[in-house]
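What follows is a set of notes on a single structure, which appears directly below.
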Amino acid sequence: MSEWWTYRAEDFLLFSPRVYWRMFESHNAALWPLHVLTLAAGLIAILLIAWRPGAWARRVALILAVVWFFVGWSFLWNRYATINWAAAYVAPAFAVEGVLLLVIGSLLDGLAFDRRGLAGRTGYLILAFALAGQPLLAPLQGRGWASSEIFGIAPDPTVIATLGVLLLARGRLLPLLLPIPVLWCLLSGTTLQTMGEPQAWAPYAALALAAVAWIWTIIRQRGSPPLASVK
């Protein structure tokens, strides 16, 4: 029996890259043309934030809550768990995030949107990648459109889009919405990296950009003088 320190990360994978991407092909085929509706919902969320950021926060939170519930149930629980037993334990986390978005963003009206500053620009950039860039990774890497990852259908673009929205959001309860998207980006990036997939950079990059924008915003806020002291 080999010693435990001789094992590599890929030795613990329960599936091959071919099986992994074939899962996306089957999932897309089963749900088409629902992709059109979920992409439209994502575009509507962006338009609501851009048009009236202070008035439509509840609707944006509701859209995100619905897609988190759906992806957790349709992809993680019903499909990914068939090749990776750990997905059955991750699916409830997606349900928890959906509940948090529903309660904090929609029922408690605990979010507002601010399009200004580095966080706002970064948020729109991440949103644009999640909706338009992520689906292009499959054909760019020679897998064809059939295995593309679509917002509201696959977890990565859904989570990355949520990071973009949260960058645009303000609210006392906002920190409660961050841990699950952050952990998923780390988990997904690690899985893709272990499989040797080039697009492992995508969740890592989204998380890194979001972290830089949040840290910069916090530093600027702490460094700004109180309004009352400004002459």
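The values are calculated or read from the model by the stated rules, or taken from the named source; none is laboratory data. As the structure is a prediction and not an experimental result, all values here were calculated from the model. Don't worry about glycine lacking a Cβ; one is built from the backbone with ideal geometry, like all the others, and counts go over all protein chains shown. Accessible surface is based on the protein model in full, side chains and every heavy atom, while ligands, DNA and RNA are left aside. Shrake-Rupley method; radii C 1.70, N 1.55, O 1.52, S 1.80 Å.
Per residue, region 112-231 exposes 47 Å² of solvent-accessible protein surface, assessed with a 1.4 angstrom probe and all protein chains in place.
Using a cut-off of 14 Å between beta-carbons, work out the net charge of the residues near Glu25 (Lys and Arg +1, Asp and Glu -1, Glu25 not included). Cβ neighbours under 14 Å give a net charge of +3. Find out how many positive minus negative residues lie around Ile46, taking Lys and Arg as positive, Asp and Glu as negative, among other residues whose Cβ is under 14 Å from that of Ile46. Residues close to Ile46 contribute a combined charge of +4.
Highest mean first, the peptides 84-93, 126-135, 110-119 sorted by other C-beta atoms within 10 Å per residue fall in the order 126-135, 110-119, 84-93. So, with a 1.4 angstrom probe, what is the percent of accessible area on the chain that is carbon and sulfur? Carbon plus sulfur share of accessible area: 69 percent. Which of rounded, prolate, oblate describes region 71-131, given a ≥ b ≥ c as roots of the alpha-carbon gyration tensor eigenvalues and a/c under 1.5 marking rounded, otherwise prolate only if a/b is larger than b/c? Note, shape of region 71-131 comes out oblate. Here the sum of -39500 (n - 2.57) over DSSP H runs of 4 or more residues, divided by the residues of the chain, equals -18500 deg cm²/dmol at 222 nm, to the nearest 500.
The value of relative contact order for the chain, using C-alpha pairs under 8 Å at least six residues apart, is 22 percent.
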